[in-house]
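Accompanying notes for the structure given below.
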Amino acid sequence: MKKYVIDRGCKKCCSCLWACPAQAISLTRDTAVIDQAKCRRCGACVESCPTEAISVYDLPAQTSPESENPPTKK
Amino acid sequence: MIPLNYRNGRIINPEIAMPCLGDYDVIVCGGGMAGFGAALAAARQGCKTLLLERESALGGLATVGLVNIPLDFAAGISREMLDRLNEVNGHWHRNTDPEKHKLILDRMVTEAGVDLLLVSHVVEAIMQDDRTICGVVLENKSGRQAVLGKRIIDCTGDADVAFFAGCETMKGRPSDGKHQACSLEFRLGGVNWEKYRDSDLKKNDPQWIKLIAKAVDDGALPYMIDNHLNWLTHVPGRPQHCNQDEVSICFSHSRNCKPLCAKDLTRMYLEGREQADILSKFIRGHIPGYENSYLIDTGSLLGVRESRRVVGEYILKTLDVVRANTFEDTITLTGHHLDLHNPDGPGNIKWAELEIDGRTCYVSTIGKVGSWPPPGGWDVITDGWGRSGDDFQRKVLPTSIPYRSLVPRDVDNLLVAGRCLSAEFMAQACCRLILACLNMGQAAGTAAALSLAKGLTPRQIDRKELQLMLLEAGCEIGQSFFGVPGLETEKYKFTGNNRQ
């Protein structure tokens with residue numbers, strides 16, 4: 001299972017909002033955030049981000065992607 | 001040579017005869033991203049096309065200006081261009097390699113059979129009558145020459161041709177006439193990107209706001225150049241993760257800019273280079289991963305975000321942007337929000353003052369974002385319908401740009417594309433991204449070709465015919481979001497990650 005996370009390097013350019021086929025990304029005061037329940041884990045956002053602020057983490061099979069602090073980085 | 005004839009502080013230029021370079025179907029003035037799209041689209045429709053560019057390469061700010069961030073909808077020629085860049089490892093994460101980008105643009109216009117003239121300034125419009133343009137005057141190392149064209153497309157960014165032709169133009173912020181801040185990009189080499197990416201600084205102060213405040217306080221930075229516009233874009237195709245990454249930075253800013261005045265442009269270039277010197281030293285001394293970085297270059301083209309805008313058949317309104325209003329004659333979309341680089345201070349402003357239902361609202365499409373809150377603080381931010389607080393709804397649909405915004409009101413056979421489109425000041429602040437300009441260019445080039453084929457002026461063409469041609473060329477004109485009135489667009493819809 002993969003988890004996609006946007007870090008605070010986000011410049012709020014909104015590229016990922018349009019790239020996301022599931023419309024799972026929205027904006028807060030500081031950064032864009034991915035709604036893990038809607039995310040299809042396709043990776044379109046990673047490629048679209050001009051500041052490389054979106055990272056992919058590998059989660060152990062049983063872990064829910066909604067859980068905090070992904071343990072291992074890809 | 002001209003004789004000295006000095007009157008009232010002016011040198012009188014006597015009547016001169018200029019050589020005429022030829023007669024074209026379409027002349028595209030300006031070879032930035034909009035001009036590239038316009039020339040390619042017109043030539044591919046079989047028009048004899050001339051592309052004039054004042055710099056030594058195509059691409060304008062995206063290449064010569066080092067703004068290597070082709071953001072916005074990639075469809076039609078934009079998609080093709082990014083695919084071509086992918087083939088040569090010149091694009092990743094919406095960052096491009098400016099050198100590879102120049103080469104791809106050269107190849108694409110040459111393959112399409114466009115006549116290209118670099119290092120040529122357009123200095124005058126040739127008018128058949130008050131309302132009809134029929135050519136331009138250009139200047140280059142071969143001297144002053146004329147060239148005639150049936151359709152002229154103004155992609156100069158500053159609406160130079162439209163202005164020379166006598167079109168009414170607008171400029172600056174209506175309240176004080178000030179323009180958006182201008183930037184000179186620069187590139188740093190020798191960066192350890194991985195070290196920076198995993199650093200505590202990026203985790204805790206990613207926009208360097210605290211770091212810069214402290215640096216201004218203790219004198220490490222002589223003045224507040226900016227406080228959070230450290231747009232770092234990682235240039236592709238370089239050796240990675242071995243302390244040799246290359247980063248392009250939009251950080252320097254000149255304020256109170258007069259981008260239509262050569263004296264002030266000179267001031268901004270000098271200031272930009274001083275700021276690049278200050279900032280590159282500051283970054284080397286203070287940012288993890290940049291300890292061994294060095295300044296590669298500064299852009300040779302200043303990043304002017306807004307100057308003259310033409311008055312067209314329709315002036316795109318800020319309200320159209322914040323409400324995602326659609327038009328019958330939409331020719332492209334932009335996904336950007338209101339994004340004003342502060343004309344007279346650091347930071348940016350992402351809200352607009354608008355009158356909604358008789359009251360003054362401070363409208364944002366994305367929420368309480370930007371460097372500066374409106375008068376009254378962040379809580380007064382509303383959406384396009386004046387709703388604030390919990391009722392605020394972030395805009396989820398892109399902005400439509402109508403064909404009429406590319407058609408100047410006052411002159412026939414002329415089209416504009418790029419950042420000089422017909423739009424209000426704040427509306428323009430969302431229509432100026434690289435691919436938005438390219439997409440507008442493609443629409444203008446296609447419209448010029450259609451108007452020639454039909455024997456009509458660009459003003460008279462049937463928007464449906466134009467839209468069908470754009471759909472056939474793979475463009476996004478709203479079909480994936482809104483549909484297009486009167487057209488069956490189901491088979492042209494983009495889905496999933498093809499939307500951008």
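The values are calculated or read from the model by the stated rules, or taken from the named source; none is laboratory data. Keep in mind that what you see is a predicted model, and the values were worked out from it rather than measured. Backbone-built Cβ (ideal geometry, glycine too); neighbour counts: all protein chains shown.
Among the residues of segment B:42-84, those identified as surrounded by 24 or more Cβ atoms within 10 Å (Cβ to Cβ) and polar (S, T, N, Q) are B:T49, B:T63, B:N68, B:S78.
Listed here are the residues, each with its yes/no results for (1) surrounded by fewer than 17 Cβ atoms within 10 Å (Cβ to Cβ); (2) over 29 Å from B:G486 (Cβ atoms); (3) within 22 Å of the chain's Cα centre (by Cα).
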position	(1), (2), (3)
B:L260	no, yes, yes
B:Q275	no, yes, no
B:G289	no, yes, no
B:D320	no, no, yes
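Among residues belonging to segment B:378-398 that are more than 14 Å from chain A (Cβ to nearest Cβ) and assigned to a strand (DSSP E or B), point out the one that is surrounded by the fewest Cβ atoms within 10 Å (Cβ to Cβ). By that ranking, first place goes to B:S388.
Scoring B:L138 on the criteria (1) closer than 30 Å to B:K493 by Cβ; (2) assigned to a strand (DSSP E or B) leaves a single failure, condition (1).
Exactly one residue out of B:G90, B:G32 is in contact (Cβ under 8 Å) with a residue 12 or more places away in the chain, among the small types (G, A, S), in contact with a His (Cβ under 8 Å, 6 or more places away or on another chain) and crowded, with 22+ Cβ neighbours inside 10 Å, and it is B:G90. Residue count for segment B:378-411 under the criterion of being within 25 Å of the chain's Cα centre (by Cα) and farther than 28 Å from B:R463 by Cβ: the result is 1.
In the set (1) more than 14 Å from every other protein chain (Cβ to nearest Cβ); (2) more than 23 Å from the chain's Cα centre (by Cα); (3) not in a loop (DSSP other than H, G, I, E, B), B:P375 fails one condition alone, (3). When segment B:199-213 is limited to residues that are surrounded by 14 or more Cβ atoms within 10 Å (Cβ to Cβ) and of a type in the set (D, E, K, R), the one that is nearest to the other protein chains (Cβ to nearest Cβ) turns out to be B:K202.
Selection over segment B:108-133 of residues that are surrounded by fewer than 15 Cβ atoms within 10 Å (Cβ to Cβ) and of a type in the set (D, E) gives a count of 3. Summed over segment A:40-51, the residues that are facing another protein chain (nearest Cβ under 8 Å) and either in contact (Cβ under 8 Å) with a residue 60 or more places away in the chain or in contact with a helix residue (DSSP H, G or I) (Cβ under 8 Å, 6 or more places away or on another chain) (or both) give a count of 6.
If you go through segment B:488-500 and keep only what is surrounded by 15 or more Cβ atoms within 10 Å (Cβ to Cβ) and either among the polar types (S, T, N, Q) or modelled with pLDDT of 95 or more (or both), you end up with B:T489, B:N497, B:N498, B:Q500.
Taken over segment B:436-495, residues that are in a helix (DSSP H, G or I) and not hydrophobic (A, V, I, L, M, F, W, C) amount to 18. Determine whether segment B:9-17 contains at least one residue that is in contact with an Asp or Glu (Cβ under 6 Å, 6 or more places away or on another chain) and modelled with pLDDT under 95. No, the conditions are met nowhere in segment B:9-17.
Suppose the filter is modelled with pLDDT of 90 or more and part of a loop (DSSP other than H, G, I, E, B); does B:L188 pass it? Explain how you work it out, then say what you get.
On the way: modelled with pLDDT of 90 or more: yes; part of a loop (DSSP other than H, G, I, E, B): no.
Judged against the criteria, B:L188 is not a match.
Applying the selection to segment A:3-39, what residues are of a type in the set (K, R) and more than 9 Å from every other protein chain (Cβ to nearest Cβ)? Spell out how you get there, then give the answer.
Quick first cut of segment A:3-39, residues of a type in the set (K, R) only: A:3, A:8, A:11-12, A:29, A:38.
Listed by number, the residues that qualify are A:K3, A:K38.
Is it the case that B:F186 is free of Cβ contacts under 8 Å to residues at least 60 places away in the same chain and away from every other protein chain (no Cβ under 14 Å)? I'd like the intermediate steps shown before the answer.
On the way: free of Cβ contacts under 8 Å to residues at least 60 places away in the same chain: no; away from every other protein chain (no Cβ under 14 Å): yes.
It is false that B:F186 is free of Cβ contacts under 8 Å to residues at least 60 places away in the same chain and away from every other protein chain (no Cβ under 14 Å).
Given segment B:238-356, what strands (runs of 3 or more DSSP E) lie entirely inside it while holding 2 or more residues that are free of Cβ contacts under 8 Å to residues at least 40 places away in the same chain and within 30 Å of B:P398 (Cβ to Cβ)? Break it down into steps so the answer makes sense when it comes.
Numbers: elements: B:245-250, B:294-298, B:308-310, B:330-334, B:352-356.
Where strands (runs of 3 or more DSSP E) fall fully within segment B:238-356 and carry at least 2 residues being free of Cβ contacts under 8 Å to residues at least 40 places away in the same chain and within 30 Å of B:P398 (Cβ to Cβ), they are B:352-356.
Here is a check on your reading of the model: is B:G22 more than 16 Å from the chain's Cα centre (by Cα), on the phi > 0 side of the Ramachandran plot and in a loop (DSSP other than H, G, I, E, B)? Give the derivation first.
Working: more than 16 Å from the chain's Cα centre (by Cα): yes; on the phi > 0 side of the Ramachandran plot: yes; in a loop (DSSP other than H, G, I, E, B): no.
For B:G22, the condition - more than 16 Å from the chain's Cα centre (by Cα), on the phi > 0 side of the Ramachandran plot and in a loop (DSSP other than H, G, I, E, B) - is not met.
Using the structure shown, decide if B:A181 is touching a residue at least 60 places away in the same chain (Cβ under 8 Å) and more than 30 Å from B:L260 (Cα to Cα). Spell out the reasoning first.
Numbers: touching a residue at least 60 places away in the same chain (Cβ under 8 Å): yes; more than 30 Å from B:L260 (Cα to Cα): no.
No.
Determine whether B:V411 is closer than 30 Å to B:M469 by Cβ, within 14 Å of another protein chain (Cβ to nearest Cβ) and hydrophobic (A, V, I, L, M, F, W, C). Write out each step before concluding.
On the way: closer than 30 Å to B:M469 by Cβ: yes; within 14 Å of another protein chain (Cβ to nearest Cβ): no; hydrophobic (A, V, I, L, M, F, W, C): yes.
Criteria not met by B:V411.
Taken as a whole, the condition of being over 23 Å from B:E168 (Cβ atoms), of a type outside the set (F, W, Y), in contact with a Leu (Cβ under 9 Å, 6 or more places away or on another chain) and at pLDDT 95 or above does not apply to B:T365. Take the conditions (1) more than 15 Å from the chain's Cα centre (by Cα); (2) not acidic (D, E); (3) not in a helix (DSSP H, G or I); B:C430 misses just one of them, which is (1).
One residue is enough: does segment B:66-89 have a residue meeting the conditions within 17 Å of B:E139 (Cα to Cα) and away from chain A (no Cβ under 14 Å)? Quick ask: steps written out before the conclusion?
The initial filter retains those residues of segment B:66-89 that are within 17 Å of B:E139 (Cα to Cα), namely none.
No, segment B:66-89 contains no residue that is within 17 Å of B:E139 (Cα to Cα) and away from chain A (no Cβ under 14 Å).
Restricting attention to segment B:316-348, which residues are within 14 Å of chain A (Cβ to nearest Cβ), out of contact with any strand residue (DSSP E or B) (no Cβ under 7 Å at 6 or more places or on another chain) and among the small types (G, A, S)? Listed by number, the residues that qualify are B:G335, B:G347.
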